[in-house]
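Accompanying notes for the structure given below.
The values are calculated or read from the model by the stated rules, or taken from the named source; none is laboratory data. Everything numeric here is computed off the predicted structure, so don't read it as measured data. Cβ coordinates were reconstructed from backbone atoms using ideal geometry, including for glycine residues, and neighbour counts include every protein chain displayed.
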């Protein structure tokens, strides 16, 4: 646990440091402040309303004890195990097996699962998955994601407006145009890589926390293997249309392989399973 939190802290410090370096190189004090204000305003809005936005994107339907009795009671029991208030419960009518948690804090949390994941997993495996999502709630991973997104957004903003500020740094001589162009290209990529590394670190921690909440690491390991095998063959249209939401899912919902290692928001499933089996 300490190792994952330390890794997250180092990565957060790295993205803050990158922000400072890019701001100083391109924007000076004025440009850096402007970009940060724009990115912060966008992400404050996203922080307060991200849960409703994401649930609407996926056409999630809220459930209760009458409409989904088994699933609802399972979440209530797991939330009690985790020492959390009862979150809102949603089901998404999609064949791809996946699940996510959202909400700015444990008092305003929601968990959602697709019909696909409910259909293919055993009750024991589904408990492991939803315990993982409640671990995200308990760890306040939404807050961590929002902070990293704010700074990554500010870096991208500075890079986009870099040429406007590069030649005029509060009356000082600006950086060479070639250097400015290089920073504009590489800085957002670096910020994205750090942000994705933070996401991967938090997934490992949620696996550990979920195994503790459910008391069954093997169930979560079995669920991850089964979800991975199914999900890569079944598209999730909402995720393809809104790839920024991919980091929220228990398994990467996107169909494109691309440069999988560096640009993945999730750790390798094999490594996640191995860590869970070590816990067992």
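Report, by residue number, each residue of region 217-239 that is surrounded by fewer than 21 Cβ atoms within 10 Å (Cβ to Cβ) and not in a helix (DSSP H, G or I).
232, 233, 234, 235
So, in region 241-255, how many residues would count as being touching a residue at least 24 places away in the same chain (Cβ under 8 Å) and not in a helix (DSSP H, G or I)?
So in region 241-255, the residues touching a residue at least 24 places away in the same chain (Cβ under 8 Å) come out as 241-242, 245, 247-251, 253.
Checking which are not in a helix (DSSP H, G or I) leaves us with 242, 249-251, 253.
Count: 5.
For residue 95, which of the numbered conditions (1) part of a loop (DSSP other than H, G, I, E, B); (2) surrounded by 22 or more Cβ atoms within 10 Å (Cβ to Cβ) fails to hold?
Residue 95 satisfies all of (1) part of a loop (DSSP other than H, G, I, E, B); (2) surrounded by 22 or more Cβ atoms within 10 Å (Cβ to Cβ) except (2).
I'm trying to understand the selection: among the residues of region 65-79, which are outside any helix (DSSP H, G or I) and either touching a helix residue (DSSP H, G or I) at 6+ places or on another chain (Cβ under 6 Å) or surrounded by 15 or more Cβ atoms within 10 Å (Cβ to Cβ) (or both)?
Passing the criteria: 65, 68.
Given (1) under 27 Å from residue 277 (Cβ atoms); (2) modelled with pLDDT of 95 or more, where does residue 139 come up short, assuming only one miss?
All conditions are met except number (2).
Do we find a residue being surrounded by fewer than 20 Cβ atoms within 10 Å (Cβ to Cβ) and modelled with pLDDT under 80 anywhere in region 245-256?
yes
So for region 65-73 (the condition being out of contact with any strand residue (DSSP E or B) (no Cβ under 8 Å at 6 or more places or on another chain), at pLDDT 75 or above and within 30 Å of residue 275 (Cα to Cα)), does at least one residue qualify?
Yes, that holds for at least one residue.
Checking residue 119 against (1) under 23 Å from residue 84 (Cα atoms); (2) surrounded by fewer than 20 Cβ atoms within 10 Å (Cβ to Cβ); (3) at pLDDT 95 or above, which single condition isn't satisfied?
(1)
Are any residues in region 80-98 out of contact with any helix residue (DSSP H, G or I) (no Cβ under 8 Å at 6 or more places or on another chain) and within 21 Å of residue 114 (Cβ to Cβ), and if so, which ones?
Taking region 80-98 and keeping what is out of contact with any helix residue (DSSP H, G or I) (no Cβ under 8 Å at 6 or more places or on another chain), we get 80, 88.
Within region 80-98, 88 is the sole residue that qualifies.
From 109, 79, grab the single residue that is over 16 Å from the mean Cα position of the chain (by Cα) and over 20 Å from residue 232 (Cβ atoms). Reasoning before the result, please.
On the way: 109 fails: over 16 Å from the mean Cα position of the chain (by Cα).
Criteria check complete, one pass: 79.
Does residue 104 count as without any contact (Cβ under 8 Å) to a residue 60 or more places away in the chain and not in a loop (DSSP other than H, G, I, E, B)? Let's see the steps before the verdict.
Numbers: without any contact (Cβ under 8 Å) to a residue 60 or more places away in the chain: yes; not in a loop (DSSP other than H, G, I, E, B): no.
Considered against the rule, which asks whether it is without any contact (Cβ under 8 Å) to a residue 60 or more places away in the chain and not in a loop (DSSP other than H, G, I, E, B), residue 104 comes out as no.
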